[in-house]
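Each remark here refers to the structure printed beneath this line.
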Amino acid sequence: MKSNISIAFEKCRKEKRPALITYTVGGDNTKKKSLDILNAIAKHVDICELGIPHNTPVADGGQIQNSAYRAIKNGIKIKDIFYIAKQFKKNNKKKPIILMGYYNNIYQQGENSFLQNCKRSGVDGLIVVDLPWPENKKFAHKCKKYSINFIQLISPTTSNIRMKNIMKDSHDMVYYISMLSTTGGTLKVTAKEILKNYNKIKKINYKQNVVIGFGITEKTIGSLTKADGLVVGSALCKSITNALARNTDPIRSVENMVKQLKAKII
């Protein structure tokens with residue numbers, strides 16, 4: 001049986017465009033607002049990533065850290081993230097939702113318990129930033145048993161041998177980090193260079209769904225449409241921050257930005 005993630009990519013291929021993948025932090029700035037944002041953007045995006053707020057992140061830039069800080073300050077716990085995912089799935093059964101976070105969140109709950117909660121909440125996939133290959137092999141195998149995609153990460157410094165092994169062990173989606181930076185950094189490399197590295201990955205297995213993340217904004221998204229999917233996160237978190245500072249509706253702000261992003265890739 002095909003996963004919701006695979007089906008989403010198939011749909012985008014038929015429409016001859018990349019998948020639009022969004023990232024927002026669960027519970028920013030409240031549990032209700034976070035869910036409302038997901039529901040508002042669901043009809044415009046192909047896959048939703050929901051970040052688990054963490055107080056000591058290693059990959060998150062300033063904008064995502066601000067979002068995580070607001071969520072943690074408002075008392076958001078891991079159970080609230082599962083609640084948001086479960087409620088989202090009630091109205092968006094086929095829309096893939098991927099949780100993104102750090103292994104400590106999983107370790108504290110226990111791998112099996114965490115995966116059971118993912119399954120009960122309708123989570124389609126997991127990105128665990130600080131659990132690289134091959135250390136993730138056992139956990140990735142557990143994910144498969146629960147029909148949850150474990151999404152492997154590849155960076156510009158990943159060797160060819162390592163890349164081939166990661167691709168061999170990957171599930172329905174691989175995440176290519178466009179540059180050596182935290183999220184939300186200014187794109188330090190050209191689109192041509194990113195796509196050159198991206199094509200090296202696709203040559204290993206052209207059927208695999210490979211998405212590009214880090215540094216994707218309204219300005220850069222249009223130059224990377226040859227990818228299978230493009231991830232936008234920090235720009236959306238910044239949109240929430242700006243809306244709250246202006247005392248305007250962050251839901252409308254994020255939805256408007258998502259619409260503009262979608263227009264640039266269709």
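Read the figures in this text as sums done on the coordinates, not as results from a lab. Remember, predicted model here, so these are calculated numbers, not experimental data. Counting neighbours? That spans all protein chains shown, and the Cβs are built from the backbone with ideal geometry, glycine included.
Points to keep in mind about this one:
- Proxy reagent accessibility, fewest Cβ within 10 Å first, across Met173, Met257, Met100: Met257, Met100, Met173
- Rounded to the nearest Hz, the phi-derived 3J(HN,Hα) couplings of segment 127-134 under the Karplus curve 6.51 cos²θ - 1.76 cosθ + 1.60 (θ = phi - 60°) are 10, 10, 4, 9, 10, x, 6, x, where x marks glycine and proline.
- Footprinting exposure proxy for Thr241, Thr248 (fewest neighbouring C-beta atoms within 10 Å first): Thr248, Thr241
- For segment 102-260, the alpha-carbon coordinates run over 46, 38, 24 Å along the three principal axes, in decreasing order.
- As a length-normalised measure over Cα pairs under 8 Å and 6 or more apart, the relative contact order of segment 176-266 settles at 27 percent.
- Zone of Lys32's modelled label, taken as backbone nitrogen in segment 238-266 under 15 Å from a point 7 Å along Cα→Cβ: 249-251
- Inter-part distance, segment 16-66 to segment 197-266, computed on C-alpha centroids, equals 11 Å.
- Rough spin-label spacing in nm, given labels placed 7 Å along Cα→Cβ, for His141 and Lys226: 3.8 nm
- Near the amide H of Ala19, within less than 5 Å, lie the amide hydrogens of Gly229, Leu230, all on another chain or at least 5 residues away, with H placed in the peptide plane.
- The length gained on full extension between Asp249 and Lys77, counted as 0.36 nm times the residue separation minus their Cα-Cα distance, comes to 59.5 nm.
- In terms of its alpha-carbon gyration tensor, the chain comes out rounded; the largest-to-smallest axis ratio a/c stays below the 1.5 threshold.
- Residues Thr30, Thr158, arranged from fewest to most other Cβ atoms within 10 angstrom of their Cβ, appear as Thr30, Thr158.
- Distance between the pseudo-spin-label points of Gln260 and Thr190 (7 Å out from Cα toward the beta carbon): 2.7 nm.
- Residues Asn205 and Lys2, FRET efficiency given R0 of 25 Å [Cβ-Cβ distance, rounded to 0.05]: 0.90
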